[in-house]
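The structure under discussion appears below in the form of C-alpha cells.
Just so you know, all these numbers are worked out from the coordinates, no wet-lab data involved. Keep in mind that this is a model prediction, so the values were computed, not measured. Using ideal geometry, Cβ is built from the backbone for each residue, glycine included, and neighbour counts are taken over all protein chains shown.
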Amino acid sequence: MSYDWRSESSGSWFRASDSGVFCMEPTESMTPDGEAKKIDHAEWVEKLKAMPAIRKDLVYRLKAEIESGEYYSEEKWEQACARMRDELLGEG
C-alpha cells in the first residue's frame, strides 16, 4: 500500500516510501481557545539561538559523579528537600 501527499505550498507530490522519515513543517497551531494561529518559524529559530549552550564539561562531570555514587550526599538531599518545601509553600 502506498500513500501520496501533495504539498499545498509547492504543489509537489511526495510518496511515503521516498525516505525513511516523512515530515512536514506545520504552518498553524491551535490557541487555547481553539483558533488557528500562524506559526512564525523565524521567531522560534531566534528563541533557540538565544538558549544557552550546553556545558558539556558539567554534564560529563555530573554523569561521572552519579555513576560512581559520589553525586548523592546527605547535604544535597537536604538542600533539595528545602528547595522543594520552599517552592510548595511559596517561599522560594
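Numbers below:
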read-out: Single match in Ala53, Ala80, Ala64 (criterion: of a type in the set (A, V, I, L, M, F, W, C) and either within 30 Å of Ser29 (Cβ to Cβ) or more than 27 Å from the chain's Cα centre (by Cα) (or both)); value: Ala53
read-out: Given (1) among the hydroxyl-bearing types (Ser, Thr, Tyr); (2) surrounded by 11 or more Cβ atoms within 10 Å (Cβ to Cβ); (3) part of a helix (DSSP H, G or I), index of the condition Tyr60 fails; value: (2)
read-out: Matching option when the condition is without any contact (Cβ under 8 Å) to a residue 60 or more places away in the chain, assigned to a helix (DSSP H, G or I) and exposed (fewer than 10 other Cβ atoms within 10 Å of the Cβ), among Ala80, Ala42; value: Ala42
